[in-house]
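Okay, so here's the structure we're looking at.
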Amino acid sequence: MILTKGLLRSAQNFSDRLAVVDGKVAHTYRAFSDRVSRLQQALKQEGIEKGDRVAILMFNDFRYLELFYAVTAIGAIAVPLNYRLTAAEIVEQLRDSSPKALFFHQEFSPIVAGMVMRVLSVRLFVRVEGERKEEKIGFMIDYEELLRPYSPQPLAYGEVIEDDVAGIFYTGGTTGRSKGVMLTHRNLVSNAYHAALTFRFDRFTRYVHAAPMFHLADGACTFALTLVGGTHHILRTFQPDLFLDWVEQAQPTSALLVPTMVNRLINHPDVEKRNCSSLRQLIYGGSAMPVEVLKKAREVWPHLSFTHAYGMSEAAPVVTALPPEDHQVEERLASCGQVVTGVEAKIINDHGGEVGVGEVGELIVRGPNVMKGYWNRPEETALVLRDGWYHTGDMVYRDEQHYLYVVDRKKDMIVTGGENVYSIEVEQVLYQHPAVLEVAVIGVPDPDWVEAVKALVVKRADQEVDEQTLLDFCRERLAGFKVPKSLTFVEELPKSAAGKILKRLLREQYSQPAD
C-alpha cells in the first residue's frame, strides 16, 4: 500500500469529518484531499517528477500534511529538515539530498536567501505563509499563489509503488554526523498500521501535533491518524504555555510528547490549574523517560492513560510499546514495552547469538517498517542492515514476559576498570533526588580506569544541593564502580530536536581526565 491510498480512503469514507485544525483554519477530509490534489498538479507543472526530492523547512503547519501527501503521490521524495540546525548544517543536508524544490516558512527567508548559490539543485523556492506578512524576495513564490491556478482533480498516484522511497529523514546526529534514512511507502504505511493499532486511534481521535512534524517521533502518529480518519490539531511550536492554552481551547484527545516536553510541563507553575480534561491519552517517546518524571506526570494528570512508544527513524519509527494497563505495574515503568504486532526483534551478543532472560545485548529488528537504507551511504547501510535485520545499537535486556528494557546506547556504554556501566541506570537514580531537574551521565577518559563515570546535572530552580550530597545519594543506591567519579552542575544540557540529550557533545566538552 502507498501513502496516497490512506488519504483517499479517509476522503471517501469521512469526507465531511474534520481532518485538520490549525488556528483559524479548519479543513474537512474532502477539502484536505482537494488541496493535496491542487498542490500535486502545481508540483508536476513545476517539473517535479518521480524520484525528485522536495525539501521542507517549516514549523508545524497544516500545509506540512499537504506536502507529505502531494509529494509522495507523485512518487517524489519528501525531505523534512530540522529548522533548529545551523544554516551550515541545513546546507549540508540540502547538498546531500539535492532537492529540486524547497518549501519554507517566511521566518527562514533570510537563511534561504543566503543559500541560493550554495545549493544549486533547488529550482523552485516556495515560501509558506506564516503569522507575519513580509516582502517577498524575487525568486520566491508564495504557497497559496502556487496553488491558485489549479482546481481539485481526482488524486492520482500513477506509477508509484510501495517500494518507492517516500521520504528521507535525517537522524538527529546524537552519535555522529547526521544520516538520511530512506523510508519507503511500505515502511511508512506498515508502521502507520502498527501505530494505529498500538495507540488505539480511530476517527474520533483528535491528536495534537506538539512535537516537531519534521521528526518521526511525531510522524509515528501522522500517517496513522490520516489512515483512520482522525483529526490533526496543529501546534506551530511547542512551549508549555502554548500547549496548555491549545489543549484548553481545542480540546484534543491525544498527544505525543518527548520526555523533555513532559518534564517542562509537569514543572510548569500553573499546570495543575489548567483544564486538560479533554486529553485522554499521552504517548511519550523519542528518548528515554526517567521513571521519576513519569511518576510525577501520572500524579499531575491522573485521568490520562499513558503509552510509551520506543523506536528509531530507521524503523519508521515504532518498534515496541508499553500500553496504559502496563503502567499500573510499578516494575514495568522502566520498560519500553513489548514488540508491536508486525515487527520481530532479537537480543544478541557480540558473536550474533541470542542472549537469555535478563542478559544485556544489542537489539536487532526486522519487519516491513525497516528502512531501505541510508541515502548515499551504502557502506554505513551495510553495517547496520545484515541478513534482513537492522542492528539498532541499543543495549537492552528482556524479562520472562518479553518486556524490553533499554539500558544504554552501545556507543554510550561506559567501561570503567573493566566493568560495564549503563548510563541510564545511573541517571534513573539521580532523577530520584528532589533537587535534580535533568541529568546526563557520560564516560570521560581516566588514566587509572580508562573511562570514569561523570554526571552533568541541571538543578531545580527552587532547590539547593551540592556535589557531595548527590554522590552520597548515588553511593547508597549503586555499586561503587557505578557511582560517578565526578559531578558538574550545568545550566542546561544540549538536545536534539527529538529532545534527546546529545551526549556526543558532552563527551567532546568534558574529554579531559576526571579529577
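The values are calculated or read from the model by the stated rules, or taken from the named source; none is laboratory data. Since we're looking at a predicted model, the values are computed, not measured. Heads up, the Cβs are rebuilt from the backbone with ideal geometry, glycines too, and the neighbour counts pull from every protein chain shown.
Quick notes
- Wholly within the range 312-409, strands (runs of 3 or more DSSP E) carrying at least 2 residues that are assigned by TED's automatic domain parsing to the domain that holds ASN191: 318-322, 344-348, 361-366, 389-398
- Selection from the range 1-49 of residues that are in contact with a helix residue (DSSP H, G or I) (Cβ under 7 Å, 6 or more places away or on another chain), within 21 Å of VAL208 (Cβ to Cβ) and of a type in the set (S, T, N, Q): SER10
- On inspection, THR260 fails the criterion of being under 18 Å from PHE32 (Cα atoms) and either in contact (Cβ under 8 Å) with a residue 12 or more places away in the chain or of a type in the set (Phe, Trp, Tyr) (or both).
- Candidate set from the range 461-498 (those that are polar (S, T, N, Q) and assigned to a loop (DSSP other than H, G, I, E, B)); member that is farthest from ALA217 (Cα to Cα): GLN463
- Residue match in the range 258-274 (condition: in a strand (DSSP E or B), modelled with pLDDT of 95 or more and either crowded, with 19+ Cβ neighbours inside 10 Å or assigned by TED's automatic domain parsing to the domain that holds HIS433 (or both)): no
- In the range 261-288, of all residues being among the polar types (S, T, N, Q) and under 18 Å from LEU333 (Cβ atoms), the one that is nearest to the chain's Cα centre (by Cα) corresponds to SER287.
- Within the option set GLN41, GLN106, GLN93, being out of contact with any strand residue (DSSP E or B) (no Cβ under 6 Å at 6 or more places or on another chain) and assigned by TED's automatic domain parsing to the domain that holds GLN249 holds for one residue only, GLN41.
- Any hit, the range 452-459, residues being out of contact with any Leu (no Cβ under 8 Å at 6 or more places or on another chain), at pLDDT 90 or above and surrounded by fewer than 20 Cβ atoms within 10 Å (Cβ to Cβ): no
- Residue in the range 350-371 that is farthest from MET1 (Cα to Cα), counting only those that are within 23 Å of the chain's Cα centre (by Cα) and surrounded by 18 or more Cβ atoms within 10 Å (Cβ to Cβ): GLU362
- Looking only at residues of the range 410-440 that are outside any strand (DSSP E or B) and among the small types (Gly, Ala, Ser), we find that the one that is surrounded by the most Cβ atoms within 10 Å (Cβ to Cβ) is SER423.
- LEU506 vs. criteria crowded, with 21+ Cβ neighbours inside 10 Å and on the phi < 0 side of the Ramachandran plot: no
- Subset of the range 446-461 [within 31 Å of the chain's Cα centre (by Cα) and farther than 19 Å from THR260 by Cβ]: GLU451, ALA452, VAL453, LYS454
- THR392 vs. criteria over 30 Å from GLN463 (Cα atoms) and modelled with pLDDT under 95: no
- Among residues of the range 16-42 that are within 26 Å of ALA76 (Cβ to Cβ), those with a beta-carbon under 7 Å from a residue that is of a type in the set (Val, Ile, Thr) and in a helix (DSSP H, G or I) at least six positions away or on a different chain give the pairs GLN40/ILE74.
- Count of residues meeting criterion [within 19 Å of THR222 (Cα to Cα), surrounded by fewer than 21 Cβ atoms within 10 Å (Cβ to Cβ) and modelled with pLDDT of 95 or more] in the range 324-349: 0
- Residue match in the range 143-158 (condition: assigned by TED's automatic domain parsing to the domain that holds ARG377, in a loop (DSSP other than H, G, I, E, B), under 22 Å from LYS372 (Cα atoms) and over 28 Å from the mean Cα position of the chain (by Cα)): yes
- Among the residues of the range 294-310, the ones that are buried (at least 19 other Cβ atoms within 10 Å of the Cβ) and either among the hydroxyl-bearing types (Ser, Thr, Tyr) or at pLDDT below 95 (or both) come to 2 in all.
- Residue in the range 67-78 that is in the same structural domain as ALA210 (by TED's automatic domain parsing), assigned to a strand (DSSP E or B) and touching a helix residue (DSSP H, G or I) at 6+ places or on another chain (Cβ under 9 Å) present: yes
- Residue identified as more than 26 Å from LEU265 (Cβ to Cβ), acidic (Asp, Glu), in contact with a strand residue (DSSP E or B) (Cβ under 8 Å, 6 or more places away or on another chain) and not assigned by TED's automatic domain parsing to the domain that holds ILE347 among GLU476, GLU451, GLU438: GLU451
- Those strands (runs of 3 or more DSSP E) lying entirely in the range 170-256 with at least 3 residues within 23 Å of TYR310 (Cβ to Cβ), assigned by TED's automatic domain parsing to the domain that holds GLY51 and at pLDDT 95 or above: 180-184, 206-209
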